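Engineer: To start, I am sharing the structure in question, which I have written as structure tokens.
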Amino acid sequence: MQIIRTIKDMQKWSMDRKKEGKTVAVVPTMGFLHEGHLSLIDAARAAGADAVVVTIFVNPIQFAPNEDFDSYPRDFEHDAALLREKGADAVFAPAVTEMYPAPVTCMVVENKLSKGLCAKTRPTHFNGVTTVVAKLFNATLPDIAVFGQKDAQQARVLKRMVRDLNFPIRMVIAPIVREADGLAKSSRNKYLSPEERGRALALSRSLRAAKSMVEAGEKDMAKLTAFISKEIEAAGGKVDYVEAVDAEDLEPCPVKGEKPLMIALAAWFGTTRLIDNIVF
């Protein structure tokens, strides 16, 4: 497994793989890897990738000033060991100055899918995400890009960016990976105290209950989102949002119809903000 630090070297690595006739996939991450990240490598292989590069870059421009950029968990040596064992072909781990040579005056902005849900309380977040992922695409030159369903809004925003800006990339969205008790795997789970972690199980538990209610015939999404909010609050969480939206275009869906629907949520347990979702 090769560790690559510069954009020039990364581009050469990908171009060399393509000259060999190989299909290149990228798995963008911010590091502090867990089984959810590693499952994206499997998804890349299943999608036909011959060579998989995992990026590790904690992107400063997607964090607001009051968020956890400085304290975001980092452990590159552990990450590299996991990726080597998993069989990743390369790791792209640039410095901030490599990705953002000053002054940076260009951004990539998506103007529709990035406006609701998480953006209501993180209004600048997705501008940072689209910008860094566009730059990572230009650095890694992939044929396939793999993202996780847990960050559902991010995945839809990036799919739209790829479509609208004509990136020659096939997007793959892999399923959420959960702990045995149902909690969605996240690098931020380490912030939770044991008590908070136990209470945070209300997220997945209430989503599963909502799914059962839909399967039993419930179509009023307002009832379901109110139920989920009540369950989270009863567990001591602070709700950021619970919304029912079209699973692709993220438009609000007050009533369950024929199209796939997603209930997405964000909530705080202590000082930790967690997200989760389920698609019907």
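Engineer: Based on this model, can you work out whether residue 42 counts as in contact with a helix residue (DSSP H, G or I) (Cβ under 9 Å, 6 or more places away or on another chain), at pLDDT 95 or above, in a helix (DSSP H, G or I) and surrounded by fewer than 16 Cβ atoms within 10 Å (Cβ to Cβ)?
Structural biologist: Yes, satisfied.
Engineer: Restricting the first residue to the stretch 166-183 and requiring it to be basic (Lys, Arg), which pairs with a second residue that is crowded, with 18+ Cβ neighbours inside 10 Å meet a Cβ separation below 6 Å and a spacing of at least six or different chains?
Structural biologist: If the second residue must be crowded, with 18+ Cβ neighbours inside 10 Å, the pairs left are 170/144; 178/184.
Engineer: Can you name the residue in the stretch 147-164 that is touching a Ser or Thr at 6+ places or on another chain (Cβ under 9 Å) and either of a type in the set (Phe, Trp, Tyr) or more than 17 Å from residue 265 (Cβ to Cβ) (or both) and is also surrounded by the fewest Cβ atoms within 10 Å (Cβ to Cβ) among such residues?
Structural biologist: Out of the qualifying residues, it is 160.
Engineer: Sticking with this one: Kindly check whether there is at least one residue in the stretch 70-79 that is outside the structural domain of residue 272 (by TED's automatic domain parsing), closer than 23 Å to residue 172 by Cα, surrounded by 13 or more Cβ atoms within 10 Å (Cβ to Cβ) and touching a Phe, Trp or Tyr at 6+ places or on another chain (Cβ under 9 Å).
Structural biologist: yes
Residue-by-condition table, conditions (1) closer than 16 Å to residue 178 by Cβ; (2) surrounded by 19 or more Cβ atoms within 10 Å (Cβ to Cβ):
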{"site": "198", "(1), (2)": "yes, no"}
{"site": "203", "(1), (2)": "yes, yes"}
{"site": "212", "(1), (2)": "no, no"}
{"site": "215", "(1), (2)": "no, no"}
{"site": "218", "(1), (2)": "no, no"}
{"site": "222", "(1), (2)": "no, no"}
{"site": "238", "(1), (2)": "no, no"}
{"site": "242", "(1), (2)": "no, yes"}
{"site": "248", "(1), (2)": "no, no"}
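Engineer: Going by the conditions given, is residue 58 assigned to a strand (DSSP E or B) and under 18 Å from the mean Cα position of the chain (by Cα)?
Structural biologist: Taking the combined requirement at face value, the residue does not satisfy it.
Engineer: Still on this model: How about the stretch 126-236: which helices (runs of 4 or more DSSP H) wholly inside it have at least 2 residues that are more than 30 Å from residue 55 (Cα to Cα) and touching a Leu at 6+ places or on another chain (Cβ under 7 Å)?
Structural biologist: Once the helices (runs of 4 or more DSSP H) in the stretch 126-236 are filtered for at least 2 residues that are more than 30 Å from residue 55 (Cα to Cα) and touching a Leu at 6+ places or on another chain (Cβ under 7 Å), what remains is 202-215, 221-234.
Engineer: For the structure I just gave you, tell me whether residue 255 is among the β-branched types (Val, Ile, Thr), more than 22 Å from the chain's Cα centre (by Cα) and not assigned by TED's automatic domain parsing to the domain that holds residue 133.
Structural biologist: Yes.
Engineer: Okay, moving on. Specify which of the listed residues (27, 54) is touching a residue at least 60 places away in the same chain (Cβ under 8 Å), under 13 Å from residue 79 (Cβ atoms), touching a His at 6+ places or on another chain (Cβ under 9 Å) and not hydroxyl-bearing (Ser, Thr, Tyr).
Structural biologist: 27
Engineer: Would you mind finding the one in 95, 152, 102 that is of a type in the set (A, V, I, L, M, F, W, C) and at pLDDT below 95?
Structural biologist: Checking each option against the conditions leaves just 102.
Engineer: Further question: Can you list residue pairs whose Cβ atoms sit under 6 Å apart, with the first residue in the stretch 213-234 being of a type in the set (D, E, K, R) and the second being surrounded by 12 or more Cβ atoms within 10 Å (Cβ to Cβ)? Count only pairs 6 or more apart in sequence or on different chains.
Structural biologist: Listed pairs, sorted by first residue: 219/256; 231/202; 231/206.
Engineer: Do we have residue 111 as over 15 Å from residue 55 (Cβ atoms), at pLDDT 95 or above, in contact with a helix residue (DSSP H, G or I) (Cβ under 8 Å, 6 or more places away or on another chain) and among the polar types (S, T, N, Q) here?
Structural biologist: It is false that residue 111 is over 15 Å from residue 55 (Cβ atoms), at pLDDT 95 or above, in contact with a helix residue (DSSP H, G or I) (Cβ under 8 Å, 6 or more places away or on another chain) and among the polar types (S, T, N, Q).
Engineer: Which residue, of 172, 177, is under 25 Å from residue 43 (Cα atoms), at pLDDT 95 or above and buried (at least 19 other Cβ atoms within 10 Å of the Cβ)?
Structural biologist: Only one candidate passes the filter, namely 172.
Engineer: Quick check: is even one residue across the stretch 105-122 among the small types (Gly, Ala, Ser), out of contact with any strand residue (DSSP E or B) (no Cβ under 8 Å at 6 or more places or on another chain) and not in a helix (DSSP H, G or I)?
Structural biologist: Yes, the stretch 105-122 contains at least one residue that is among the small types (Gly, Ala, Ser), out of contact with any strand residue (DSSP E or B) (no Cβ under 8 Å at 6 or more places or on another chain) and not in a helix (DSSP H, G or I).
Engineer: Kindly provide the set of residues from the stretch 254-280 that are under 18 Å from residue 149 (Cβ atoms), modelled with pLDDT under 95 and touching a helix residue (DSSP H, G or I) at 6+ places or on another chain (Cβ under 6 Å), ordered by number.
Structural biologist: 280
Engineer: Is it the case that residue 158 is modelled with pLDDT of 95 or more and not assigned by TED's automatic domain parsing to the domain that holds residue 23?
Structural biologist: Spelling it out, it is not the case that residue 158 is modelled with pLDDT of 95 or more and not assigned by TED's automatic domain parsing to the domain that holds residue 23.
The values are calculated or read from the model by the stated rules, or taken from the named source; none is laboratory data. Note that the structure is a prediction, hence the values are computed from the model and not measured. Note: ideal-geometry Cβ built from the backbone for every residue, glycine included; neighbour counts use all protein chains shown.
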